[in-house]
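One structure is given below, encoded as structure tokens.
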Amino acid sequence: MYKGEIPFDPYTGDALDYPNNYYEWEYDGKRHRSWSEIQQKFGKEAVSKSERITVPPDWRRNTPFEAVMELRSMSRGRSAANFTLRCDANKEYTMFMTDLMDLLQKHGMVKGKTERLTWCFCKRGQNYGVMLYNG
């Protein structure tokens, strides 16, 4: 199990596969999620008067958790194939191909879903993903 902290989306609570910063814009004493929101509410000239604020990921301890996971999709990066899983709490997680193979060999899936298992996070290179917890 990875001993470091894991990045989470500060808005949705989903685990991030890469620790991107988010940005908000402050205008008229309030924070807005996008500059287009400011443009729609206050006009084009308001965007140039707004201030961009960096919102970092929400870093959390890697704590094992129990969940039923459902396989949702697959994506390809430059050198990796990743899978998106959604848990029964409606949160999404990235899983690396090697961890999916481990899951399928040890527990399998029925109609794209796992049984209730214990999970934790791992880090490969600069990316983060979910994996089976091996106690």
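The loop-placed chymotrypsin sites (Phe, Trp or Tyr not before Pro) in segment 1-105, going by DSSP, that have at most 15 neighbouring Cβ atoms within 10 Å of their Cβ come out as Tyr2, Tyr11.
Hey, what did the chain get for relative contact order, percent, Cα under 8 Å, at least 6 apart? Walk me through the numbers before you get to the answer.
Values: 250 pairs, mean separation 35.0, N = 135.
Relative contact order for the chain comes out at 26 percent.
Count Lys and Arg as plus one, Asp and Glu as minus one, and take only other residues whose Cβ is under 15 Å from that of Cys122; the net charge is then +1. For the residue pairs Lys41/Lys91; Lys91/Lys113; Lys30/Lys91; Lys3/Lys106, alpha carbon separations beyond 21 Å are given by Lys41/Lys91; Lys30/Lys91; Lys3/Lys106.
Taking the Cβ of Glu26 as the centre, find all other residues whose Cβ is under 11 Å away and add up their charges (Lys, Arg: +1; Asp, Glu: -1).
On the way: positive: Lys30, Arg31, Lys49, Arg52; negative: Glu24, Asp28, Glu51.
Once positives and negatives cancel, what remains is +1.
In segment 1-46, the convex hull through the Cα atoms has an average projected area of 4.5 nm², a quarter of its surface area.
For a quick check of your reading of the filter: which trypsin sites (Lys or Arg not before Pro) in segment 1-48 sit in a DSSP loop and have no more than 12 other Cβ atoms within 10 Å? Spell out each step's value before the answer.
On the way: sites: Lys3, Lys30, Arg31, Arg33, Lys41, Lys44; in loops: Lys3, Arg33.
Those satisfying the criteria are Lys3.
A cut-off of 5 Å between modelled amide H atoms, ignoring neighbours fewer than 5 places along the same chain, links Asp17 with no other residue.
Placing +1 on the Cβ of every Lys and Arg and -1 on the Cβ of every Asp and Glu, with nothing else charged, gives segment 63-135 a dipole about its Cα centre of roughly 240 debye. Coupling constants for segment 6-18 follow from the phi torsions by the Karplus curve (6.51 cos²θ - 1.76 cosθ + 1.60, θ = phi - 60°), and in residue order they are 10, x, 10, 5, x, 9, 9, x, 6, 5, 9, 7, 8 Hz; glycine and proline get x. By the beta-carbon count within 10 Å of each Cβ, the least crowded to most crowded order of Glu26, Glu45, fewest first, is Glu45, Glu26.
Given charges of +1 on the Cβ of Lys and Arg and -1 on the Cβ of Asp and Glu, with all other atoms neutral, how large is the dipole of the chain about its Cα centre, in debye to the nearest 20?
Values: 21 positive and 18 negative charges, 47 e Å.
Approximately 220 debye in magnitude.
May I ask you to list the GluC sites (Glu not before Pro) in segment 67-124 that are in a DSSP loop and have at most 16 other Cβ atoms within 10 Å of their Cβ? Those that pass, being in a loop and sparsely packed, are Glu115. Our analysis of segment 60-132 gives Rg over Rh at 0.93, with the two radii drawn from alpha carbon positions and Rh computed by the Kirkwood formula. Put simply, the amide H of Trp59, placed in the peptide plane, has neighbours under 5 Å in Phe8, leaving out anything fewer than 5 places away on its chain.
Relative contact order, percent, of segment 88-135 when contacts are C-alpha pairs under 8 Å separated by at least 6 residues? Can you show the working numbers first?
On the way: 40 pairs, mean separation 19.3, N = 48.
So the answer I get is 40 percent.
Would you mind classifying segment 70-111 by shape? Square roots of the alpha carbon gyration tensor eigenvalues, ordered a ≥ b ≥ c; an a/c under 1.5 is rounded, otherwise it is prolate if a/b is larger than b/c and oblate if not. Before the final figure, lay out the partial values.
Details: a/c = 2.27, a/b = 1.17, b/c = 1.94.
Since a/c reaches 1.5 but b/c is at least a/b, the shape of segment 70-111 is classed as oblate.
Laboratory data are not the source of any read-out in this text; all were calculated from the coordinates shown. Fair warning: this is a prediction, and the values are worked out from it, not measured in the lab. Note: ideal-geometry Cβ built from the backbone for every residue, glycine included; neighbour counts use all protein chains shown.
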